[in-house]
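Read-outs throughout are calculated quantities, based only on the coordinates presented, and are distinct from any laboratory measurement. Just so it is clear, the model here is predicted, and its values are computed rather than measured. Please note: Cβ atoms are built from the backbone with ideal geometry, for glycine as well, and neighbour counts cover all protein chains shown.
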Amino acid sequence: MPWEPSSLTLSFLARGSVGRVNVDVWENIDPLSIGSDPSALGFPVCRAIVDYDPGGYRSLIGWVQVVGLVSADGGAARQFEADPLQVFAEIETPFAFYGINPQLFDAPSREDRDLSLDWLAHSFLCIAPSSPMATEVEAVAGFSWGFRLVNGEVVAVPPERLHRSDWAGHTPLLSETYLTWNFGANQDW
């Protein structure tokens, strides 16, 4: 039975300009139509659309996403890992998407539906505060979303707002993963 889509709207302040992020999570009922693997059928799809335009290079922003898995049966504590796009896996960049109003898009899947797990993404919209081309990263907004897989059934976890403290909790992991980058906390968030 299909589940209801969910949405979240976030406002943010970056480089003196206000922006907005519209997040939608829905059930993947046609994986091939969105370029995902057939095993993604029934799993959530997440898209976050950014509306932000202070002009030129000042408009450059990016998405950093970390994912944490935990056994749905209450196993070990959740451990987060950086979640770059596969095409960027060998490039030392924390961004899954970067550019002018970059869209975050993700459609996770699992071949083995007999697993019991809780998959949670923390997705952060980020800027380089000193210069759009610098290797400094500060989050200006964030949200969580994901799914639980129990007895072959996929249950979506709707998007929820994250806070500066959530970002701060991931900066040690990001600093260890991306050695040439600096991760800080945006004071406006």
Problem - Ranked W63, W189, criterion: other C-beta atoms within 10 Å, fewest first - result: W189, W63
Completion exercise
When Y98, Y52, Y57 are ranked with the fewest other C-beta atoms within 10 Å first, the list becomes Y57, Y98, Y52
Practice task
Obtain the nm distance between the two label points defined at S17 and D112 by a simple spin-label model: each point lies 7 Å from its Cα along the Cα-to-C-beta direction.
Solution key: 4.7
Completion exercise
Among D24, D112, D51, the residue with the largest mean-square fluctuation in a Gaussian network model of the chain built from Cα contacts under 10 Å is D112
Exercise for the section: Return the single residue from A141, A156, A76 with maximal mean-square fluctuation; model: Gaussian network over the chain, springs between Cα atoms under 10 Å. Expected result: A76
Problem - Neighbourhood net charge (10 Å Cβ-Cβ; Lys/Arg +1, Asp/Glu -1) for A156 - result: -1
Exercise for the section: Let me have the 222 nm mean residue ellipticity of the chain computed from DSSP H runs of 4+ only, each contributing -39500 (n - 2.57), with the sum over all residues rounded to the nearest 500. Expected result: -2500 deg cm²/dmol
Exercise for the section: Sort out for me the Cα centre separation of the stretch 115-189 from the stretch 29-76, rounded to whole Å. Expected result: 11
Practice task
May I ask for the angle, rounded to the nearest 10°, between helix 164-177 and the longest principal axis of the chain, with both axes built from Cα atoms and the value confined to 0 to 90°?
Solution key: 90
Practice task
In square nanometres and to one decimal, what's the mean projected area of the convex hull around the Cα atoms of the chain?
Solution key: 10.8
